Amino acid sequence: FTVSYYHRPIDVRYERHRTYRGYHVTMRLLDKSHINVKLGKGSLAFDDETLFELHRVMKIPAGIIVMSGPTGSGKSTTLNAMLRELNRPEVNILTLENPVEDEIAGVTHCDLKSANEFKPMISSFMRSDPDIILMGEVRDTESAELAIEAAVTGHKVLTTIHTPSAAQIIERFEQLGMERWKIAQTLKAACAQRLLKVLCPHCRIEQKGVNEKDRRIFNLGEEWAGQRVYKSRKGGCVECRNTGYTGRTAILEIIPITPKTSDMLSKGEISPYDLEQMIREEGKLPNLRRSGLRLLKEGDTDLAAVSKVIDMTYSDE
């Protein structure tokens with residue numbers, strides 16, 4: 001349902017389930033006045049390296065681009081921002097969502113009322129000559145099959161999936177019954193996104209270095225012992241409404257599936273884990289850990305916020 005808050009439309013997604021002591025209620029808020037976020041701005045103000053790789057991925061003419069991450073990590077927001085960039089009068093874009101969170105002028109949105117509508121709807125889609133298809137989420141065997149079928153027939157497919165890392169997207173498709181060679185041939189980019197809390201610049205507290213215990217736990221080098229970092233002030237200030245933070249920013253990991261990589265995956269010469277290691281060793285592509293540490297070094301976030309959304313207990317060196 002939608003409520004009006006100081007003339008701002010706020011969508012509320014309501015969910016409840018029965019517990020031993022009553023009902024547990026979750027309400028997710030979507031501020032529609034801030035929905036028209038663009039790549040490179042606001043919460044999607046990625047660094048130049050990430051933006052370049054994202055724009056390169058968007059130039060792929062056909063295949064599947066998958067965005068992974070936990071609930072509330074901004075996956076759909078990023079995909080919708082990508083659709084805005086790709087939206088042209090001559091480009092036919094169709095979306096299958098439940099519910100439609102962000103309506104874009106010129107894009108045909110379809111709101112699925114039930115899971116049973118999915119297959120007949122996408123079958124109808126394929127007859128309307130779409131260039132780009134956005135599928136809200138791959139959550140079962142049927143939706144995975146249809147995403148791959150759409151990509152095989154020359155369409156660009158954007159979708160989301162729940163996995164801990166970008167490389168595990170391949171394993172997740174396999175768990176849903178897809179053959180490795182089909183995944184390798186159609187998957188063009190595996191992405192993972194997280195939202196990091198941004199420190200309030202008015203009340204953040206400066207610290208001279210990361211203590212030894214945290215350096216050992218989070219596999220940080222000795223250079224972090226003298227690195228100036230910041231942390232949030234408990235209780236915050238008036239500017240941040242006593243939270244210590246002023247919103248969140250997105251960080252992204254992108255693994256492009258090149259023709260060579262696709263061939264190696266198809267033949268079983270490399271595993272998803274090997275692929276992840278290759279990306280880390282290369283050190284050029286956007287990586288969650290590196291992006292998180294960069295924001296920590298720049299004083300935009302703190303170690304508590306980074307370690308909450310990224311597994312920092314291993315090193316990518």
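The values are calculated or read from the model by the stated rules, or taken from the named source; none is laboratory data. Predicted model, so just to flag it, every value in this text is computed and none were measured. FYI the Cβ positions are ideal-geometry reconstructions off the backbone, even for glycines, and counts take in every protein chain you see. Just so you know, the surface numbers come from the protein's heavy atoms only, side chains and all, with ligands and any DNA or RNA stripped out. Shrake-Rupley method; radii C 1.70, N 1.55, O 1.52, S 1.80 Å.
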Next on the checklist: I'd like to check which helices (runs of 4 or more DSSP H) are fully inside the stretch 144-230 and have at least 3 residues that are on the phi < 0 side of the Ramachandran plot and touching a Pro at 6+ places or on another chain (Cβ under 8 Å).
Outcome noted: 168-175
Checklist entry - Taking Ile60, is it part of a strand (DSSP E or B), surrounded by 10 or more Cβ atoms within 10 Å (Cβ to Cβ) and either more than 15 Å from the chain's Cα centre (by Cα) or touching a residue at least 12 places away in the same chain (Cβ under 8 Å) (or both)? => result no
Checklist entry - Which of (1) in a helix (DSSP H, G or I); (2) in contact with a Gly (Cβ under 8 Å, 6 or more places away or on another chain) is the odd one out, the single condition Gly236 does not satisfy? => result (1)
Item to check | Close pairs from the stretch 221-248: first touching a residue at least 40 places away in the same chain (Cβ under 8 Å), partner open to solvent by 40 Å² or more (accessible area, probe 1.4 Å) and assigned to a loop (DSSP other than H, G, I, E, B), Cβ under 6 Å, at least 6 apart | outcome: Tyr230/Arg204; Gly244/Arg233
Checklist entry - Taking Thr95, is it of a type in the set (Ser, Thr, Tyr), modelled with pLDDT under 85 and within 24 Å of Leu146 (Cβ to Cβ)? => result no
Item to check | Index of the failed condition, Glu276 passing every other in (1) farther than 26 Å from Val37 by Cα; (2) of a type in the set (D, E, K, R); (3) open to solvent by 40 Å² or more (accessible area, probe 1.4 Å); (4) in contact (Cβ under 8 Å) with a residue 24 or more places away in the chain | outcome: (3)
Checklist entry - Counting only residues that are assigned to a helix (DSSP H, G or I) and modelled with pLDDT under 85, which one in the stretch 279-309 is least open to solvent (accessible area, probe 1.4 Å)? => result Ile279
Next on the checklist: Return the residues of the stretch 79-98 that are over 18 Å from the mean Cα position of the chain (by Cα) and of a type outside the set (A, V, I, L, M); say none if nothing qualifies.
Outcome noted: Asn87, Arg88, Pro89, Glu90, Asn92
Checklist outcome for this item: Scanning the stretch 112-126 residue by residue, those over 15 Å from Glu149 (Cα atoms) and either open to solvent by 60 Å² or more (accessible area, probe 1.4 Å) or in a helix (DSSP H, G or I) (or both) turn out to be Lys113, Ala115, Asn116, Glu117
Next on the checklist: Restricting to the stretch 127-141, name every residue that is more than 22 Å from the chain's Cα centre (by Cα) and either open to solvent by less than 20 Å² (accessible area, probe 1.4 Å) or under 19 Å from Lys113 (Cβ atoms) (or both).
Outcome noted: Pro130
